[in-house]
Amino acid sequence: MAPVCVLVGAMGAGKSTVGEALADALGVGFRDTDADVEATAGKPIPEIFFDDGEEHFRALEHAAVIAALESFDGVLALGGGAILAEKTRAALAGHTVVFLSVGLSEAVKRVGFGAGRPLLAVNPRATLRHLLEQRLPLYTEVATLTVPTDDRTPEDVVTEIRAHLRR
């Protein structure tokens with residue numbers, strides 16, 4: 001069993017929105033590893049960061065990704081930083097991984113000032129710029145398809161992904 005596709009990208013790229021729409025269009029389930037982490041921890045991600053630290057969150061995140069890759073056959077969305085772990089990137093090999101790319105201006109519009117996003121607690125725009133620059137090579141490393149999302153509707157993005165999945 002394996003996901004139909006795995007969505008990766010920065011916060012604000014549209015992983016949840018596009019993922020849910022893509023799952024509906026394909027008639028499969030949608031799963032977000034961030035929700036899995038919250039369910040396992042019994043608390044929201046910002047509280048995990050505050051109470052237990054980022055390292056603990058990343059361990060929970062990696063476990064959630066591995067479990068989903070092994071047991072879920074729908075559309076899977078990973079948290080924006082899931083690709084930071086080399087072992088997570090290695091686990092994505094052989095899967096259809098769609099990188100939803102987003103530019104800084106568009107990401108800022110979508111994310112706002114980072115409410116509920118612990119990594120954006122201080123200077124959201126500068127932090128988001130740094131995260132985008134830092135993670136871009138990792139997203140492209142794991143991607144089998146890159147789909148820009150700037151100035152596009154979720155439906156347009158879904159149409160492009162579906163065309164690739166049919167091949």
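The values are calculated or read from the model by the stated rules, or taken from the named source; none is laboratory data. Everything numeric here is computed off the predicted structure, so don't read it as measured data. Positions of Cβ are backbone-derived with ideal geometry, glycine not excepted, and every protein chain shown enters the neighbour counts. Heavy atoms of the whole protein, side chains included, go into the accessibility calculation; ligands, DNA and RNA do not. Shrake-Rupley method; radii C 1.70, N 1.55, O 1.52, S 1.80 Å.
A 1.4 Å probe run over the protein chains yields, for the chain, 49 Å² of accessible area per residue, whole-number rounding.
Seen through its C-alpha gyration tensor, with square-root eigenvalues sorted a ≥ b ≥ c, region 1-97 comes out prolate because a/c lies at 1.5 or above while a/b is bigger than b/c. Kirkwood radius, region 46-95, all distinct C-alpha pairs, inverse of mean reciprocal distance: 11.5 Å. Here the 3J(HN,Hα) profile of region 149-164, calculated from phi with Karplus coefficients 6.51, -1.76 and 1.60 at θ = phi - 60°, is 10, 4, 6, 10, 7, x, 4, 5, 5, 4, 4, 5, 5, 4, 4, 5 Hz, Gly and Pro shown as x.
Which percent of the accessible area of the chain is formed by carbon and sulfur heavy atoms (probe 1.4 angstrom)? Roughly 53 percent, rounded to a whole number.
Can you compute the charge dipole magnitude of the chain about its Cα centre, using +1 on each Lys and Arg Cβ and -1 on each Asp and Glu Cβ, nothing else charged? Give it in debye, rounded to the nearest 20.
The dipole of the chain has a size of about 400 debye.
The mean sequence distance of close C-alpha pairs (under 8 Å, at least 6 residues apart), as a share of the length of the chain, puts its relative contact order at 34 percent. Placing +1 on the Cβ of every Lys and Arg and -1 on the Cβ of every Asp and Glu, with nothing else charged, gives region 48-100 a dipole about its Cα centre of roughly 240 debye.
For D156 and E70, a Förster radius of 41 Å and the Cβ-Cβ distance give a FRET efficiency of 0.85, rounded to the nearest 0.05.
Between H95 and V28, the contour length at 0.36 nm per residue exceeds the alpha carbon distance by 22.5 nm. For the chain, the square roots a ≥ b ≥ c of the C-alpha gyration tensor eigenvalues yield an a/c of 1.5 or more together with a/b not exceeding b/c, which makes the shape oblate.
A cut-off of 5 Å between modelled amide H atoms, ignoring neighbours fewer than 5 places along the same chain, links V97 with V6, T144, L145. Ranking V18, I48, A82 by how far each Cα lies toward the positive end of the dipole of the chain (charges on Cβ) leaves V18 at the top.
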